[in-house]
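The structure under discussion appears below in the form of structure tokens.
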Amino acid sequence: MVEKEHLNTTLICRIQEHANQSVTLNGWVYNSRRSGKIGFLLLRDGTGTIQCIIVKNDVGEDQFESFKSLTQESSLSVSGTVVENERAPGGFEIQVNTLTIHQVSEEYPITPKEHGTEFLMNNRHLWLRSKRQHAILKIRHEIIKATRDFFDSNDFTLVDTPILTPNVCEGTTTLFETEYFGQRAFLAQSGQLYGEANAFAFGRQYNFGPTFRAEKSKTRRHLLEFWMVEPEIAYCDLDEDMVWAEKMLEFIVQRVLENRKFELEILERDTSMLEKVKAPFPRISYTECVDMLKEGGFDFQWGGDFGSPEETYISEKFDRPVFVHRFPSAIKAFYMKRDPENEDLVMGMDVLAPEGYGEIIGGSEREADHDTLLKRINADGLSLDDFQWYLDLRKYGSVPHAGFGMGLERTVTWICKLSHLRETIPFPRMYGRLRP
Ligand code: 4AD
Ligand code: MG
């Protein structure tokens, strides 16, 4: 903790520590109204809101006049006494003796009335101040913190992976390409390949950073820039990989339920479905899923990739997240280990979130044999020059290893029960949108 005497600001979220004391709060006008010679100001500082009472006789004529000039989102500091009042929202209010106005805001474009999505997205830099957006991003923060705490407390090391890379990881159709002083570089689709090198150096590693995919369509679950946490574990098979994934999700959801009740209430999230997120999760093979889909009336052939309707149908059959494992090798990435019992399958898994949310995690056991991997890289037409270092890992102490990637924004979308992932990242990058 930084000692209070070094700081300019007392935070609203800490106000109960200052009962009956004089404080100065710095913030913005959330709301203000007057009743005769008394002013009521709802002050927002980013950590909470508090009611401030401004009495004309206490602050004087001039200050009361300047209070009257305040518009929504004007910035100001208030000094006064913290008073307990059980009728005030939050249980405390400020009896103000001084107001210092920093800027009287121009007419604020976002008002309590309904606005269209396009308008709000164009004003994303301001929209972030709204109660609902604030709640979602607080939950996003909690999920990031819980994820890191989970891995940190299980002897993982956070090892960062590069964003500029010559390597294709998840197929050539979604690459963002950039010029790199005469060479071709891509923005990382995943940190996984480097995560594998890190796992052989650290045993258990995770990387957690932005990843990029040039998705040329607008959907509710695709961003062009999204955050992914990717554990990679040496001496790990597909079964253990699934245990890590379910224990991590259980930990994250329980943490959000414990620490973010207030935000979940703002979002009117029914938490009964979240309470059920307890390991173990059901494990169903891809082939069993195909049978389920056929029984459900889907015209779906073995070998196809699940789209959003298929994933939604499967996930709605269960009351908790579900693993789908052993996909056809033809639809999965070159690095996945083949099923020793059936060459047509890979030792891969996805986690589908409940309530119809679909895939939030993709992972697999990796191909650990040099010659087999070399064959796959060639078969996919990938450049051997760029993959030499990755093949090296299979030459110098190769071991079975596995990992997965969890899409942060999809996880936030599900936990908050939102209809679109655009609200789960401060500044979403989507097809057709680069600003703000
Ligand atoms: O299933 P994916 O493509 O797997 C990988 O990238 C592996 N290399 C991860 C690993 O094993 N280390 O992506 C993983 C997750 C998906 O399940 C999804 O949650 C998210 O990343 N994701 C996206 N999220 C938002 N927008 C997109 N365009 C996404 N593409 C994938
Ligand atoms: Mg996937």
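Here are a few things to note about the model shown:
- Selection from segment 355-369 of residues that are of a type in the set (D, E, K, R), within 16 Å of Ile233 (Cα to Cα) and more than 9 Å from ligand 1 (Cβ to nearest atom): Glu365, Glu367
- Residues (open to solvent by less than 40 Å² (accessible area, probe 1.4 Å) and either of a type in the set (Lys, Arg) or outside any helix (DSSP H, G or I) (or both)) located in segment 406-429: Met406, Gly407, Leu418, His420, Ile425, Pro428
- Boolean, Thr173 is within 16 Å of ligand 1 (Cβ to nearest atom), within 26 Å of Thr413 (Cβ to Cβ), in the same structural domain as Gln254 (by TED's automatic domain parsing) and open to solvent by 60 Å² or more (accessible area, probe 1.4 Å): yes
- In this structure, Phe323 qualifies as assigned by TED's automatic domain parsing to the domain that holds Leu249, of a type in the set (Phe, Trp, Tyr), touching an Asp or Glu at 6+ places or on another chain (Cβ under 8 Å) and within 13 Å of ligand 1 (Cβ to nearest atom).
- Residues that are farther than 28 Å from Ser364 by Cα number at least 2 in the following helices (runs of 4 or more DSSP H) confined to segment 261-313: 261-266.
- Contact map, segment 127-138: residues that are within 19 Å of Arg410 (Cβ to Cβ) paired with residues that are crowded, with 17+ Cβ neighbours inside 10 Å and among the acidic types (Asp, Glu), Cβ distance under 7 Å, separation 6+ or inter-chain. Pairs shown: Gln133/Glu423; Ala135/Glu263; Ile136/Glu423; Lys138/Glu263.
- Exactly one residue among Gln95, Gln72 is touching a residue at least 40 places away in the same chain (Cβ under 8 Å), under 29 Å from Arg433 (Cα atoms) and not basic (Lys, Arg), and that residue is Gln72.
- Of all the listed residues (Tyr235, Tyr194), the sole one being at negative phi, more than 16 Å from ligand 2 (Cβ to nearest atom) and of a type in the set (Phe, Trp, Tyr) is Tyr194.
- None of Thr157, Thr147 is in the same structural domain as Pro210 (by TED's automatic domain parsing) and without any contact (Cβ under 8 Å) to a residue 60 or more places away in the chain except Thr157.
- The criterion of being among the small types (Gly, Ala, Ser) and surrounded by 14 or more Cβ atoms within 10 Å (Cβ to Cβ) does not hold for Ala330.
- Taken together, Pro166, Pro210 contain a single residue that is modelled with pLDDT of 95 or more, open to solvent by 30 Å² or more (accessible area, probe 1.4 Å), within 14 Å of ligand 1 (Cβ to nearest atom) and more than 30 Å from Ile50 (Cβ to Cβ), which is Pro210.
- Any hit, segment 127-137, residues being more than 29 Å from Val253 (Cβ to Cβ) and outside any helix (DSSP H, G or I): no
The values are calculated or read from the model by the stated rules, or taken from the named source; none is laboratory data. Here the structure is a predicted model, which means the values were calculated and not measured. FYI the Cβ positions are ideal-geometry reconstructions off the backbone, even for glycines, and counts take in every protein chain you see. Surface areas here come from the heavy atoms of the whole protein model, side chains and all, with no ligands, DNA or RNA. Shrake-Rupley method; radii C 1.70, N 1.55, O 1.52, S 1.80 Å.
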